[in-house]
Amino acid sequence: MAKEIWDYQSGIKAFIARKIDDEGTVEELTNDVMWAAIKSRDNFANKSAEFSWICGIAKHKVIDYYRKKKLKTILFSISPRFEEIADEALSPERDVLKNELKDEIKAAFNEISEGYANILRLKYVQGLKTNTIAKLMNITIKAVEGQLKRAKIKFQKNWSYDRKNFITNNNKTDV
């Protein structure tokens, strides 16, 4: 059975490549889709062609990919409030994912210095403007902007939400 499913790999890869323009991501999602199809093979009810069923799995994986990408993009750019982001960006399973997201954010905050965590909280949790933060911290606006940039970089390096899923899905430890 599993060999038959792997026969669809090139077609599934092409299907995903039409929706995502990053070869590495296409490869990763193709493998995820193929393994998901193998794991859920018993759920296939023969109501459609097997390839169509696997394309349905691929469609959901692509949607999940864009949902995570949107969440990461929004996280530090459009909306400063994590709670609002989670409410707007997540689908029906949002409560579980929102709690998971909160845990990941807290973990990433715990991994960076208190100064960086504080400036990120002021900007993105409390929603303060850069000039207000500068006044509160008694530093220049340029200093705030520089600290925010460095803090974002540190936070992103410690952000494990997608890395953890990648490691789990690919059994790798060198991400």
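Here are a few things to note about the model shown:
- Lys172 satisfies every condition listed in (1) modelled with pLDDT of 75 or more; (2) in contact with a Phe, Trp or Tyr (Cβ under 8 Å, 6 or more places away or on another chain) except (1).
- Test: residue in the stretch 80-92 that is modelled with pLDDT of 85 or more and either under 30 Å from Glu28 (Cα atoms) or among the β-branched types (Val, Ile, Thr) (or both): no
- Selection of the stretch 2-20 for residues being under 16 Å from Ile63 (Cβ atoms) and modelled with pLDDT under 90 yields Lys19, Ile20.
The values are calculated or read from the model by the stated rules, or taken from the named source; none is laboratory data. What you are looking at is a predicted structure, and each value in this text was computed from that prediction instead of being measured. Counting neighbours? That spans all protein chains shown, and the Cβs are built from the backbone with ideal geometry, glycine included.
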